[in-house]
Amino acid sequence: MARCYFDSNGKFDLWENDLGNPEMPDSLTEIPDDTALWRLSYDYETATLIVKYPTMTDSEAEAQLDIDIQAEHNAFMATLEAAAG
């Protein structure tokens, strides 16, 4: 497993051995080698690594993300249409 730091928003910041200063030094965490970085976030309240769509492979998670984005877009458009008329 690799180790990295997360920023104050819980998103990837730096790899453990990267040059530079991590925004949140206490966030150094082991992450799975087989999970895309976009799926990972860090919860500071519980000090735990969160994996978006934890039971899915990266390709399944990417497909599900596309579905979720489209559903959010459709819901937003429905709200706009309802407000307009």
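Averaging over every viewing direction, what projected area does the convex hull of the Cα atoms of the chain cover, in nm²?
7.5
Multiply the residue separation of Glu45 and Thr79 by 0.36 nm, subtract the distance between their alpha-carbon atoms, and state the gained length in nm to one decimal.
Between Glu45 and Thr79, full extension yields 9.0 nm more.
Compute the long axis of helix 58-84 from its Cα atoms, compare it with the longest principal axis of the Cα atoms of the chain, and write down the angle in degrees, 0 to 90, nearest 10.
It works out to around 40 degrees.
Across the chain, where is the longest run that never hits GluC sites (Glu not before Pro) in a DSSP loop with at most 14 other C-beta atoms within 10 Å?
My reading of the result: 46-85 is the longest stretch.
In a Gaussian network model over the chain where Cα atoms closer than 10 Å are linked, find which of Ala36, Ala75, Ala61 has the largest mean-square fluctuation.
Between Ala36, Ala75, Ala61, it is Ala75 that shows the largest mean-square fluctuation.
When only Cα pairs under 8 Å and 6 or more residues apart are kept, what is the percent relative contact order across region 1-65?
After rounding, I find 28 percent.
At a 10 Å Cβ-Cβ cut-off, how would you order Ile50, Ile31, Ile67, fewest neighbours first?
Ile67, Ile50, Ile31
Which ordering of Phe6, Phe76 is given by a fewest-first count of other beta-carbon atoms within 10 Å?
Phe76, Phe6
Mind giving me the nanometre distance, one decimal, between the label points for Asp58 and Trp15, set 7 Å out from Cα along Cα→Cβ?
In this crude label model, Asp58 to Trp15 measures out at 1.4 nm.
Taken together, the values in this text are just the output of simple stated rules run on the coordinates, not laboratory data. Model, not experiment: these values are computed from the prediction. Positions of Cβ are generated from backbone atoms using ideal geometry, with glycine treated the same way; all protein chains shown enter the neighbour counts.
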